[in-house]
Amino acid sequence: MRGPTRGAEGRGAGDGAPSGSPRTSAPPLIELQHASVSFGAVQALRDVNFVLRRGDRVALIGANGCGKTTLLRLLHGQLRGSGERLVQGGAPGREPTQAMLFQRPFLLRLSVWSNLLVALWLARLPPQARKERARLALDRVGLLAQRDRPARVLSGGQQQRLALARAWAVRPQVLFLDEPTASLDPGAKQEVEALITEFADEGMTVVMSTHNLGQAKRIATRVVYLDAGRIECDLPTHWFFNQPLPTAAEQFVKGELPW
């Protein structure tokens, strides 16, 4: 895959958008053109065209193995494949600032506070600004009182909130989330969802894979359904859940296809 390069402005909502779907004038951040990814004999993504625009809140849904995580990693620049990945959101020749969270967040064997400071050091924030930014981030997610505890002894929900604090602290333009609440209890899930929504409301672009259709309805403005490595449907959320869909997507939403 050739990238990152600066490309022409993307076309429409995405590869799966049908004719007549609404278009947006928001500037594109990342675009994939005819992107495919293979792992040995397994083709994880097949000829994907996708435009991520500033302010998007995208939910990626589909059965296990359909390509959601691979698409996230490709958009984030962690993977290479065939096709093109075009970047327009950052300074000339540079990526937009990005952060990625996983279902099980990776935390260092350090205190909550030190996990924040290391992230800000890696982001090259000036030393004099790191402590204040870390304090603001922990306060934002309700973990300031836990700052001296080892990060890995926190509950699952607290660990995910710490990961969100670490992401928010570096002020990313794009936040990628891979099943961020899948292993959390209902209360922790609600807290994490609320934070993601707040970040999006403040202008952060969000791309999230999820198995929770209710979560997609609550958070996303755009839903992308993948099947066997292809984008089969890419629609505004209210259209996706209230209008007829292509057969496979319709069966999936109705629970007639396995996860």
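Listed values, structure above:
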item	result
Alpha-carbon centroid distance for the pair the stretch 217-259 / the stretch 91-120, whole angstrom	31 Å
26 Å Cα-Cα threshold exceeded, pairs from 217/254; 68/254; 131/217	131/217
Surface/4 estimate of mean projected area, convex hull on alpha-carbon atoms of the chain, nm²	14.2 nm²
Overall Cα dimensions of the stretch 72-192, principal axis frame, Å, largest first	45, 37, 23
Label-point separation, residue 39 to residue 256 (7 Å along Cα→Cβ), nm	3.0 nm
Inter-label distance for residue 26 and residue 194, nm, one decimal - labels placed 7 Å from Cα along Cα-to-Cβ	2.4 nm
Helix-derived mean residue ellipticity, 222 nm - over the chain, DSSP H n ≥ 4, -39500 (n - 2.57), to 500	-9500 deg cm²/dmol
Reference-scaled alpha-carbon Rg (2.2 N^0.38 Å with N residues) for the stretch 148-259	1.18
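Read the figures in this text as sums done on the coordinates, not as results from a lab. This one's a predicted model, so the numbers in the text were calculated from it and none came from an experiment. Here Cβ is always computed from backbone atoms with ideal geometry, including for glycine, and neighbour counts include all displayed protein chains.
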